[in-house]
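Here, each number is a calculation from the coordinates, and none is a lab measurement. These numbers come from a predicted model, not from an experiment. Positions of Cβ are generated from backbone atoms using ideal geometry, with glycine treated the same way; all protein chains shown enter the neighbour counts.
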Amino acid sequence: MTAPRIALRQVVEAKTGTMNPSAWPDDPITYIDVTAVDNRTKTIAGARTMRGAEAPSRARRLLRTGDVLVSTVRPNLNAVALVPDSLDGEVASTAFCVLRATPRVLPEYIYFFVQSARFIRGLERLAKGALYPAVSESCVFDQEIPLPSLEKQRRIVDMLLCAQRALRLRREIRERTVRLLPALYTHAFGDSVANPKSWPVVPLESLLKMSPQNGLYKHRSTYGDGTPIVRIDSFRDGDLCEPVRLKRLRLDDNEGRQYALAEGDILVNRVNSTEHLGKSVLIRALPEPTVFESNMMRLVVDPERALPQYVASALQTTRTRQHFLRNAKRAINQASLNQKDLRTVPIMLPPLDKQAPFARYADFTASARGTEAQMISNAEATLASLLAKVFG
């Protein structure tokens, strides 16, 4: 028998309490804003501690263990989280709708409901504002949730918690693997700043077959189908996303040839927020011709001087990061690098016979990360399927 659907407002408390931290200016508070919620893991990962006098005007929502936070800004990003014991009595931004369960419903059941595609679509349809889409609290409270018995809710929650733990474990394994290559680089070649092994330090341009190349700019009207394109959101932690997730656009033959990626190319972000400026990815085998967008530059390494795997790792070192930060051209909410900034990056240069073993290990770890990425994708699909089955 299908559980009846009722509005969320019927199973959560109408008022959850507020406070004004500035009334206690010297007392510490822990503040949770929207940026503190990791929308991938659905957890609070960046809460900040501050004095009451330092709290922003949005710091008003008084929290209890088990509250479910739903961001009312950019609802498509699904920044939701369950408040843990450690944050009981702390303060959240008014940009959250706080869902506090009544005895009719389990908090964890609500927590999983607000992750469902049905819930996200419901808020997306109601969002207002082109640049900063948002919904009202009333829009959240009006969403309809299936309400089976508490006993059945517990069984559902246990099943979903199992799927979520499997997904988190897969992500933790991948994060550990990602840290292996930088650790091996330092072990093999030494700290990039101190250079304890006294390797020659050369400008990046001396290791390239050609000058860095900016990518392709096309109007958004050309996107939809055609050739895959690598964009700044297409790679993370040095790994390209699955090719099927790349956006596509229509090109003429000349554009396709001029910007076609080849195995061994390195892409570097030239325009991004400061913390992501200069992030890079080594291109490996691609299933079909693929191009790259204008917010990045392509490097083609001369294999007689350096190996692409080595250069790609060198671009992630502290020495390179310091160079990028010194040379970044800053504007509102973003920074940029030009071709000269990239050509002059100082790179430690061990001989090729020292780079080769490192390159082989880089290839091995890339293969392992690819397998882990597929496992994560499968775990994400399993959780999404279960959410759809439970919540429609």
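Here is what passes the span test in the chain: the DSSP H helices with alpha carbon length of 30 Å or more along the helix axis and a Kyte-Doolittle mean of 0.0 or above are 352-391.
Overall, the chain carries a charge dipole of about 360 debye about its Cα centre when +1 sits on the Cβ of Lys and Arg and -1 on the Cβ of Asp and Glu, all other atoms neutral. From its DSSP helices (H runs of at least four residues, each -39,500 (n - 2.57)), the chain gives a residue-normalised ellipticity at 222 nm of -11000 deg cm²/dmol. Label zone (Met210, point 7 Å along Cα-to-C-beta; backbone nitrogen cut-off 15 Å) within the range 240-259: 254-259.
Annotation: the antiparallel percentage among DSSP beta bridges lying fully within the range 19-99 is about 90. The residue among Gly66, Leu299, Gln143 whose Cα reaches farthest toward the positive pole of the charge dipole of the chain, with charges on the beta-carbon of Lys, Arg, Asp and Glu, is Gln143. Under 1.5 on a/c is rounded, so check that first for the range 116-216, then, if it is not, pick prolate when a/b is larger than b/c and oblate when it is not; a ≥ b ≥ c are the square roots of the alpha carbon gyration tensor eigenvalues. Because a/c hits 1.5 or more and a/b fails to exceed b/c, the range 116-216 counts as oblate. Its Cα centre serving as origin, the range 5-147 has a Cβ charge dipole (Lys and Arg +1, Asp and Glu -1) of approximately 540 debye. The count of lysine pairs in the chain whose Cα atoms are under 25 Å apart, excluding pairs fewer than 8 places apart on the same chain, comes to 20.
Checking every one of the chymotrypsin sites (Phe, Trp or Tyr not before Pro) in the range 214-288 against DSSP loop status and a limit of 14 other Cβ atoms within 10 Å picks out Tyr217. Between the alpha-carbon centres of the range 230-250 and the range 103-134 there is a gap of 27 Å. First measure r as the distance between the Cβ atoms of Val193 and Gln334, then evaluate 1/(1 + (r/R0)^6) with R0 = 22 Å and state the FRET efficiency to the nearest 0.05. The value I calculate is 0.25. Once you order the gyration tensor axes a ≥ b ≥ c over the Cα atoms, which shape class does the range 286-352 get: rounded for a/c under 1.5, otherwise prolate or oblate by comparing a/b with b/c? Oblate, because a/c is 1.5 or more while a/b does not exceed b/c.
Put in line by how crowded their Cβ is, counting other Cβ atoms within 10 Å and starting with the fewest, Leu337, Leu77 read Leu77, Leu337. Among the listed values (1) 26.4, 93; (2) 24.5, 73; (3) 19.0, 56, the one matching Rg and Dmax of the Cα atoms in Å as calculated from this structure is (2).
Taken along its principal axes, the alpha carbon cloud of the range 4-115 reaches lengths of 49, 28, 23 Å, longest axis first. Across all Cα pairs in the range 280-392, the calculated P(r) in 5 Å bins from zero up to the longest distance comes to 2, 8, 14, 16, 15, 14, 12, 8, 5, 3, 2, 0 percent per bin.
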